[in-house]
Number of protein chains: 2
Amino acid sequence: MALSTQPYKGARDFYPEDKRIQKYMFGVLRNVAESYGYSEYDAPILESFEIFAAKTGQEIVDEQTYVFEDRGGRKVVVRPEMTPTVSRMVAAKRQELAYPLRWYSIPNLWRYERPQRGRLREHWQLNVDIFGVDNLQAEIELLSIIDDMFKAFGAKPNMYDIRINSRKLINYILGEYLSLSEKESHDICKLIDKIHKISRSKFISGVDAVLSSKHKENQVNEKLLSILDAKSITDLPADIASHSAATELKQVLDALENKGINNATFDITIMRGFDYYTGIVFEAVDKHPDNNRSMLGGGRYDGLVGLFGVASVPTVGFGWGDVTLENFLKLHHLIPDLKNETNLYACLIGDIAEKADSAISEFRKFGINVAVDYSGKKLGDQIKNANKNGVGHVLIIGDDELQSKKYKIKNLATGKETSGSVKDLVKVVNASN
Amino acid sequence: MALSTQPYKGARDFYPEDKRIQKYMFGVLRNVAESYGYSEYDAPILESFEIFAAKTGQEIVDEQTYVFEDRGGRKVVVRPEMTPTVSRMVAAKRQELAYPLRWYSIPNLWRYERPQRGRLREHWQLNVDIFGVDNLQAEIELLSIIDDMFKAFGAKPNMYDIRINSRKLINYILGEYLSLSEKESHDICKLIDKIHKISRSKFISGVDAVLSSKHKENQVNEKLLSILDAKSITDLPADIASHSAATELKQVLDALENKGINNATFDITIMRGFDYYTGIVFEAVDKHPDNNRSMLGGGRYDGLVGLFGVASVPTVGFGWGDVTLENFLKLHHLIPDLKNETNLYACLIGDIAEKADSAISEFRKFGINVAVDYSGKKLGDQIKNANKNGVGHVLIIGDDELQSKKYKIKNLATGKETSGSVKDLVKVVNASN
């Protein structure tokens, strides 16, 4: 029986036209990250299970992670996210590294999920992290980078917005202000994380199921719902609005506004799934009506490096997946016309592959990418093939051309033909790129 | 208990200084591959077990492959090599693709092995394949690409050589010329594959163990050993030297010599481990005495695409791992001085992060990568940190500088200071890169 040509379920093959888009996207992301002084790192896609068990979050590890035992009996994970790995790497060289440490990576990540739009079993995810800054400049810088990345793709502020919240503020509201127990707070957080995916009534009954009758007497449910309806910090009850975590949020939002970033807002429902966040958390949301969803997220996680037996390091980071980014760019028509890397398709007249080699090499020395047709087919068929390959120009070489050292190229889009030396033709090809 | 900071056994973390080397290497490989008209593709690191079971080779699949069952009961492999995957992808679009099809990829591959020098459990491997060319131009092109890649790294011909053999020729020698059975031929091939790793006497007793007494009477053992001692095609018995497979080998070697590639030789002991090769096979060997080993290998495998239920496609390809390449470059001192991507380290005098932002953004708009120190430490300490970060220049900004719009930069290598506008300083930074 023939083998299946399908890739593994929920995962993608990248044919050259797909890979070209990915390379374009990653190129833009890399440029912006590096413009802020971030350096690229990488790590193995297989990691020990333990580092994810610690803080990634129960649901992800128990239900969605690829875990297996290797031939030596070690419990191994195909990494579902990069944050535990980068924390491990920083911890390993805690003393040698210089802070602020600015790192980025574009790892491949895997989760065992039911594949659906914008959520496959694997994706590539830009991770940008700043280590060693305990003040809000870290958050402000990362949010500026995100905004610069959107702009570098040509996105307009009405295409996306940035939503900001604070785990510290939520912890204060649930723990101190509403006097919920730790267990109740945790369950309410999980509910809030789903608030935009379930109906209002389902959310309310979820809250009712979590809160004890004592709370109900004190109208905690109503208070909570009214707090969650706040659209700005000033909408919140005075005790909350004046808490230091709220002041921090305001400071970040003001700084962004001063930089001309006007599409950033406070959103008390932003939770982020991971258990390791300790301060400000944020998301960016695609505002296209067909794809109104979170595209990226991050926040402050000051405690993770410290789990590896060294002094902890204040850290802020975010992750941005290639699937949500590509959906965004496609919906907003922001993917430019990406040309085939091959500039020239050499058609050979007769069995002259070896004789033609030095002329073809000359084009390559001038930086022109040349593919050669060795089929020995009729010229018309070779040109058809060049067209099918998506190459811009054909180069025609026969014995006469090799003798005279004058060659002919044809622009396949315009039909225009030019004859000349290698140098002359290099100019024509370069001019059309 | 604290979590371990070690990466998974036999796998590598890439700190920025390591990643910089990898990016340099992959950049050179990409440039040369694209100059020959190859386009990059990619595919998931997890694949179905079946496509490797078919042809990768018993030992690799049974003993060295990461295989596990996913939560849906599918048998999944962390791919040990890319060739079955690329064959699958070509088969999936057999009719739509234009031939010759030139593809390359740099996938991450995993094998469960005892880690040793030049052989880890994971590596990244350049794969270059040409599909749809049934004549020797395909082999000649790939060998030219390999040679061009070495040259692009600055390697001299005495640092490496290229060794070529033919599976067709070996099959003729063992099957027809020496009249071995299929089983005997297979076992002898596996022995030849190890010939340089075991002693001569161990090899001879291995041959004796495989060959039946009938062969021994006919002095097949002696004949085989004398054939394996051949250093060139003309050393071989006339019947073998005149076989079409030998003529092919001579044609490839002659074509390379005509291109000025003089370090390619016939080597009858080159086998390549995979079962799918059908014609010419080749390796490149590091000639450094401390690392005299095969660095890359490939050959013709005309049958693999056809296993996926479509008409087969003649194919030649090779793979080149990053570990062997990096060892080669390091031993021969071919890794250039790779600079930190960050050009400028901004030291702030006082709490002026937000006020300084627009000046810093201006540098970025001119293409300068700027990291900012938010620590509020003394200037001297910030400069020390810049040094530790490996950045070339520091930029000093205080209230006076923001007022006058004249800033000061200092070249940390030479100590030279320059004052001026953003534009003036951009020139100085660019000139030193």
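The values are calculated or read from the model by the stated rules, or taken from the named source; none is laboratory data. Quick caveat: nothing in here was measured; it's all calculated off a predicted structure. All Cβ positions, glycine included, derive from the backbone under ideal geometry; neighbour counts span all protein chains shown.
How many residues, within the stretch B:15-35, are at the interface with chain A (Cβ under 7 Å from one of its Cβ atoms) and touching a helix residue (DSSP H, G or I) at 6+ places or on another chain (Cβ under 6 Å)?
1
Do we find that A:Ile195 is closer than 28 Å to A:Tyr301 by Cβ and part of a loop (DSSP other than H, G, I, E, B) in this structure?
Spelling it out, A:Ile195 is indeed closer than 28 Å to A:Tyr301 by Cβ and part of a loop (DSSP other than H, G, I, E, B).
Tell me which residues, restricted to the stretch B:126-163, are away from chain A (no Cβ under 14 Å) and touching a Ser or Thr at 6+ places or on another chain (Cβ under 7 Å).
B:Asp161, B:Arg163
Could you check how many residues of the stretch B:91-112 are under 21 Å from the mean Cα position of the chain (by Cα) and not aromatic (Phe, Trp, Tyr)?
Here the count works out to 8.
Could you please find all residues in the stretch B:113-125 being at the interface with another protein chain (Cβ under 9 Å from one of its Cβ atoms) and part of a loop (DSSP other than H, G, I, E, B)?
Scanning the stretch B:113-125 gives a single hit, B:Arg121.
Just to check your reading of the model, which residue among A:Val323, A:Val305 is more than 30 Å from A:Asn387 (Cβ to Cβ), of a type in the set (A, V, I, L, M) and more than 11 Å from chain B (Cβ to nearest Cβ)?
After applying the criteria, what remains is A:Val323.
Of the numbered conditions (1) facing chain B (nearest Cβ under 7 Å); (2) touching a helix residue (DSSP H, G or I) at 6+ places or on another chain (Cβ under 7 Å); (3) farther than 30 Å from B:Gly392 by Cα; (4) modelled with pLDDT of 95 or more, A:Ser39 fails exactly one; give the number of that condition.
The number of the failed condition is (3).
Keeping to the stretch B:197-247, report how many residues are farther than 21 Å from B:Gly279 by Cα and of a type in the set (Gly, Ala, Ser).
The number of residues fulfilling the criteria is 8.
Taking the stretch A:304-354 only, how many residues are farther than 30 Å from B:Thr5 by Cα, in contact with a strand residue (DSSP E or B) (Cβ under 9 Å, 6 or more places away or on another chain) and not hydrophobic (A, V, I, L, M, F, W, C)?
8
Which count do you get for residues in the stretch A:26-78 that are assigned to a helix (DSSP H, G or I), in contact with a strand residue (DSSP E or B) (Cβ under 8 Å, 6 or more places away or on another chain) and polar (S, T, N, Q)?
Residues that pass the stated criteria total 1.
If I filter the stretch A:95-112 for residues that are over 23 Å from A:Arg293 (Cα atoms), in contact (Cβ under 8 Å) with a residue 40 or more places away in the chain, at the interface with chain B (Cβ under 10 Å from one of its Cβ atoms) and in contact with a helix residue (DSSP H, G or I) (Cβ under 6 Å, 6 or more places away or on another chain), do I get at least one hit?
There is at least one residue in the stretch A:95-112 that is over 23 Å from A:Arg293 (Cα atoms), in contact (Cβ under 8 Å) with a residue 40 or more places away in the chain, at the interface with chain B (Cβ under 10 Å from one of its Cβ atoms) and in contact with a helix residue (DSSP H, G or I) (Cβ under 6 Å, 6 or more places away or on another chain).
Hey, among the residues in the stretch A:357-403 that are of a type in the set (Lys, Arg) and not in a loop (DSSP other than H, G, I, E, B), which one's farthest from the chain's Cα centre (by Cα)?
A:Lys384
Considering the stretch A:252-268 alone, what residues qualify as being within 14 Å of chain B (Cβ to nearest Cβ) and surrounded by 15 or more Cβ atoms within 10 Å (Cβ to Cβ)?
If the condition is that a residue be within 14 Å of chain B (Cβ to nearest Cβ) and surrounded by 15 or more Cβ atoms within 10 Å (Cβ to Cβ), then A:Val252, A:Leu253, A:Ala255, A:Leu256, A:Lys259, A:Ile261 are the ones that fit.
Can you pull out the residues in the stretch B:248-266 that are touching a Ser or Thr at 6+ places or on another chain (Cβ under 7 Å) and within 21 Å of B:Thr278 (Cβ to Cβ)?
B:Glu248, B:Leu249, B:Phe266 - these are the residues of the stretch B:248-266 that are touching a Ser or Thr at 6+ places or on another chain (Cβ under 7 Å) and within 21 Å of B:Thr278 (Cβ to Cβ).
Take the residues in the stretch A:154-174 that are of a type in the set (A, V, I, L, M, F, W, C) and surrounded by 21 or more Cβ atoms within 10 Å (Cβ to Cβ); name whichever of them is farthest from A:Ser35 (Cα to Cα).
Filtering first and then ranking leaves A:Leu174.
Could you grab me the full set of residues in the stretch B:79-93 that are in a loop (DSSP other than H, G, I, E, B) and within 9 Å of chain A (Cβ to nearest Cβ)?
Of everything in the stretch B:79-93, just one residue is in a loop (DSSP other than H, G, I, E, B) and within 9 Å of chain A (Cβ to nearest Cβ), namely B:Lys93.
Would you pick out the residues in the stretch B:219-242 that are surrounded by 15 or more Cβ atoms within 10 Å (Cβ to Cβ) and either basic (Lys, Arg) or in contact with a Lys or Arg (Cβ under 8 Å, 6 or more places away or on another chain) (or both)?
Selection gives B:Lys223, B:Ile233.
Let me spell it out: the conditions are (1) part of a loop (DSSP other than H, G, I, E, B); (2) within 27 Å of A:Leu29 (Cα to Cα), and B:Gly415 meets all of them except one. Which number is the exception?
Condition not satisfied by B:Gly415: (2).
Output the residues belonging to the stretch B:175-184 that are crowded, with 17+ Cβ neighbours inside 10 Å and assigned to a helix (DSSP H, G or I).
B:Tyr177, B:Glu184
Residue pairs, Cβ under 9 Å, 6 or more apart or interchain, first in the stretch A:336-349 and over 9 Å from A:Ile396 (Cα atoms), second small (Gly, Ala, Ser) and surrounded by fewer than 18 Cβ atoms within 10 Å (Cβ to Cβ). List them.
Taking only residues 6 or more apart or on different chains, the pairs are A:Pro336/A:Gly154; A:Lys339/A:Gly390; A:Asn340/A:Gly390; A:Thr342/A:Gly390; A:Asn343/A:Gly367; A:Asn343/A:Ser432.
Looking only at the stretch B:318-356, which residues are touching a Ser or Thr at 6+ places or on another chain (Cβ under 8 Å) and part of a helix (DSSP H, G or I)?
If the condition is that a residue be touching a Ser or Thr at 6+ places or on another chain (Cβ under 8 Å) and part of a helix (DSSP H, G or I), then B:Thr324 is the only one that fits.
When you go through (1) in a loop (DSSP other than H, G, I, E, B); (2) under 30 Å from A:His288 (Cα atoms); (3) without any contact (Cβ under 8 Å) to a residue 60 or more places away in the chain one by one for A:Ser312, which number turns out not to apply?
Checking A:Ser312 against (1) in a loop (DSSP other than H, G, I, E, B); (2) under 30 Å from A:His288 (Cα atoms); (3) without any contact (Cβ under 8 Å) to a residue 60 or more places away in the chain, the one that fails is (2).
Quick test of your reading of the structure: A:Gln58 fulfils all but one of (1) surrounded by 17 or more Cβ atoms within 10 Å (Cβ to Cβ); (2) polar (S, T, N, Q); (3) more than 9 Å from every other protein chain (Cβ to nearest Cβ). Name the failing condition by number.
All conditions pass for A:Gln58, except number (1).
Please work out which residue is nearest to the chain's Cα centre (by Cα), limiting yourself to the stretch A:406-428 and to residues that are surrounded by 15 or more Cβ atoms within 10 Å (Cβ to Cβ) and not aliphatic (A, V, I, L, M).
A:Asn411
May I ask you to list the residues in the stretch A:354-388 that are among the hydrophobic types (A, V, I, L, M, F, W, C), farther than 16 Å from B:Gly132 by Cα and either within 7 Å of chain B (Cβ to nearest Cβ) or crowded, with 21+ Cβ neighbours inside 10 Å (or both)?
A:Ala356, A:Ile360, A:Phe363, A:Ile368, A:Val370
Name the single residue that is farthest from the other protein chains (Cβ to nearest Cβ) among those in the stretch B:164-195 being more than 18 Å from B:Thr265 (Cβ to Cβ) and basic (Lys, Arg).
Of everything passing the filter in the stretch B:164-195, B:Lys183 is farthest from the other protein chains (Cβ to nearest Cβ).
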